[in-house]
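Here's the structure, in structure tokens; my notes come after.
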Amino acid sequence: MLLTVFYFKFGRALLKARASGLPIKFMDLLELKLRKIPANVIFDTQIKAADNGVEVSTHELAIHFLARGNV
């Protein structure tokens, strides 16, 4: 049951990021959750940036999101 809860909370975002080749750590995902930042928004933006050749870290996007920036 715990694995099911884990999958629905974190699994989809983590699998999507890893499938696209992003080096996402579980601790990054947990940090986003503790800061109440939507991981899907951060990972989707990071995937789009990587597709366009721009390297942006999860931490940089999280800071930008918290500063009310357009992510």
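The values are calculated or read from the model by the stated rules, or taken from the named source; none is laboratory data. Only a predicted model underlies this, so the values are computations on that prediction, with no experimental measurement involved. Neighbour counts run over all protein chains shown; Cβ positions are idealised from the backbone, glycine included.
Summary of computed values
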quantity: Within the range 26-43, tally of residues that are at pLDDT 85 or above and surrounded by fewer than 17 Cβ atoms within 10 Å (Cβ to Cβ); calculated: 10
quantity: Selection status of ILE63, within 13 Å of the chain's Cα centre (by Cα), on the phi < 0 side of the Ramachandran plot and either surrounded by 15 or more Cβ atoms within 10 Å (Cβ to Cβ) or of a type in the set (Gly, Ala, Ser) (or both); calculated: no
quantity: Residue satisfying all of: in the range 44-56; touching a helix residue (DSSP H, G or I) at 6+ places or on another chain (Cβ under 8 Å) and of a type in the set (S, T, N, Q); surrounded by the fewest Cβ atoms within 10 Å (Cβ to Cβ) among these; calculated: THR45
